[in-house]
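A.B. asks: Before I ask anything, let me first share the structure, which is written out below as structure tokens.
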Amino acid sequence: MNDTPGWTSPGSGPSDQQGDTGAPVPPASVDANDSTPQWSKEQPPAGQWSPPADLAPLPVPGRNWGTPHSNAPWSKPPAAKPGVIPLRPLGTGEILDGAVKTLRTYWRTVLAITVPVAVLSQIANVLAQRYLVPAAPEPDPSATPAEQLEQSLDAAQTSMISMGPSLVVTLMASLVVAALLTVVISRAVLGRPVTLGSAWQEARPRLLQLTGLTLLLSVMSVAIVCVGLLPGLLLGGAGGGALAFLGGLGGLVVVVWLMVRFSLASPSLMLERQGVARSLKRSAKLVQGSWWRIFGIIVLTQLLIFIFSMIIVIPFTVIGIAVDGEGFSGLLSGTATTFGWPFLIVTGIGGVIISAVTYPISAGVTALLYVDQRIRREALDLELARAAGLPGYGTSSVGG
């Protein structure tokens with residue numbers, strides 16, 4: 001791709017006008033003043049006449065002109081499909097199918113990106129779980145209700161701390177994978193091959209800005225939720241707890257709204273080579289009027305990813321508990337408060353499998369949502385057809 005934003009600025013489409021030269025002339029109409037009977041003296045019985053089977057209506061210029069006759073002569077020709085999606089507005093199934101097709105068609109490049117990143121992120125996660133996460137406090141069966149509540153709060157705090165390293169590692173891994181896979185998907189739409197080296201060469205200059213965009217959205221989300229919780233926390237007591245719950249829920253709703261509104265900022269930054277602020281504005285413009293549709297597709301994608309993850313997580317977790325030192329007996333007796341290396345390694349392998357498959361699906365859906373919105377709003381399909389070298393669309397300055 002060149003430096004022109006987003007496969008160049010679309011809008012100038014090829015001329016679809018057809019000249020009148022060579023168009024069949026319709027048969028001359030019968031003079032309305034001519035009252036001479038034109039019927040033959042011998043007519044077939046009523047209801048038994050049918051036109052010859054090979055007779056089809058003439059095509060109308062501008063509607064399937066130049067295409068062979070068929071049983072549906074006025075049907076719209078299928079959209080061009082040089083790559084993993086047809087070049088027209090996409091349905092939800094086509095967006096999901098395009099992401100899966102990208103994984104299948106370019107599996108060597110995709111797995112060369114996702115597997116190393118997944119392995120490194122799982123190693124970092126395992127080490128963090130083993131050495132950085134504090135051990136969960138053991139419950140005291142003789143504790144008073146107040147002490148049991150305090151123990152529950154301590155356990156919840158430990159769980160939150162244990163999620164911190166995992167979230168940071170997952171965030172950074174997702175960032176790198178999303179950058180590289182966005183480049184791969186932009187080529188997959190055109191049906192062009194792409195190697196890991198070329199994807200890295202194109203994505204590398206944008207990584208710093210993409211990191212800034214990701215951190216900005218993360219800090220914004222945390223700040224909004226904290227602002228919602230703050231009044232209730234300052235008030236304290238039962239009323240403060242209820243107010244904190246409502247404030248946190250309201251903050252969460254705002255965060256979801258903003259994350260969907262800015263969900264296309266990442267592919268906009270990568271493919272249009274814009275800055276962080278302009279990418280956010282670009283995403284807001286593309287999402288405007290389609291918020292609920294994009295929200296539904298994102299939720300459906302995450303639900304499918306969650307189901308797939310559970311299919312992998314459950315058996316690997318069971319195997320990890322079985323091969324761990326105390327196994328199921330320690331888990332059932334409540335003496336096993338931490339898991340050893342066997343459990344962490346086995347579950348880490350399951351995590352690599354999950355990440356290697358779900359990263360490209362998630363990144364693919366986001367990138368294809370961006371493409372779909374630009375097709376709907378800016379006729380990007382014409383530019384993509386030119387970039388793919390399809391006949392009848394002229395030439396394009398889009399780089400390969």
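A.B. asks: Which FRET efficiency, nearest 0.05, do R278 and L234 yield, Cβ-Cβ r, R0 30 Å? The partial results should precede the final answer.
C.D. replies: On the way: r = 37 Å, r/R0 = 1.25.
The calculated FRET efficiency here is 0.20.
A.B. asks: For region 231-333, rounded, prolate or oblate, judged on the Cα gyration tensor with a ≥ b ≥ c (square roots of eigenvalues), a/c < 1.5 rounded, else prolate if a/b > b/c? Walk me through the numbers on the way to the answer.
C.D. replies: Values: a/c = 2.84, a/b = 1.36, b/c = 2.09.
The shape class here is oblate.
A.B. asks: Now, a different point. Could you give each residue of region 273-289 its phi-based ³J(HN,Hα) in whole Hz, using Karplus coefficients 6.51, -1.76, 1.60 with θ = phi - 60°, and x for Gly or Pro?
C.D. replies: Each residue of region 273-289 in turn: 6, 9, x, 5, 5, 5, 5, 5, 5, 5, 4, 4, 5, 5, 7, 3, x Hz.
A.B. asks: Could I ask something else about it? Between rounded, prolate and oblate, where does region 158-248 land on the alpha carbon gyration tensor, with a ≥ b ≥ c its root eigenvalues, rounded for a/c under 1.5, else prolate if a/b exceeds b/c?
C.D. replies: prolate
A.B. asks: So if each residue of separation counts as 0.36 nm, and I subtract the Cα-Cα distance between V313 and R108, what length gain in nm does that give?
C.D. replies: The span from V313 to R108 would gain 71.4 nm if fully extended.
A.B. asks: What ³J(HN,Hα) values, in whole Hz, does the Karplus curve 6.51 cos²θ - 1.76 cosθ + 1.60 give for region 368-384 when θ = phi - 60°, with x put for Gly and Pro?
C.D. replies: Karplus-based 3J(HN,Hα) across region 368-384 equals 6, 4, 4, 4, 4, 5, 6, 5, 5, 9, 10, 6, 5, 4, 5, 5, 5 Hz.
A.B. asks: Next up: I'd like the FRET efficiency for L249 and R376, computed as 1/(1 + (r/R0)^6) with the beta carbon distance as r and R0 of 35 Å, rounded to 0.05.
C.D. replies: Efficiency computed from Cβ-Cβ geometry: 0.60.
A.B. asks: Nearest 0.05, what FRET efficiency do Q288 and L171 give at R0 = 30 Å with Cβ-Cβ as r?
C.D. replies: 0.65
A.B. asks: Right, something else. Order of 307-315, 286-294 by packing, highest average Cβ count within 10 Å first?
C.D. replies: So the peptides 307-315, 286-294, ranked by packing, come out 286-294, 307-315.
A.B. asks: What shape does region 211-290 take by its C-alpha gyration tensor, where a ≥ b ≥ c are the square roots of the eigenvalues and a/c under 1.5 counts as rounded, a/b above b/c as prolate, and the rest as oblate?
C.D. replies: Prolate, since a/c reaches 1.5 and a/b exceeds b/c.
Every read-out reported here was derived from the displayed coordinates using simple, explicitly stated rules and does not represent laboratory data. Because the structure is a prediction, the values reported are computed rather than measured. Backbone-built Cβ (ideal geometry, glycine too); neighbour counts: all protein chains shown.
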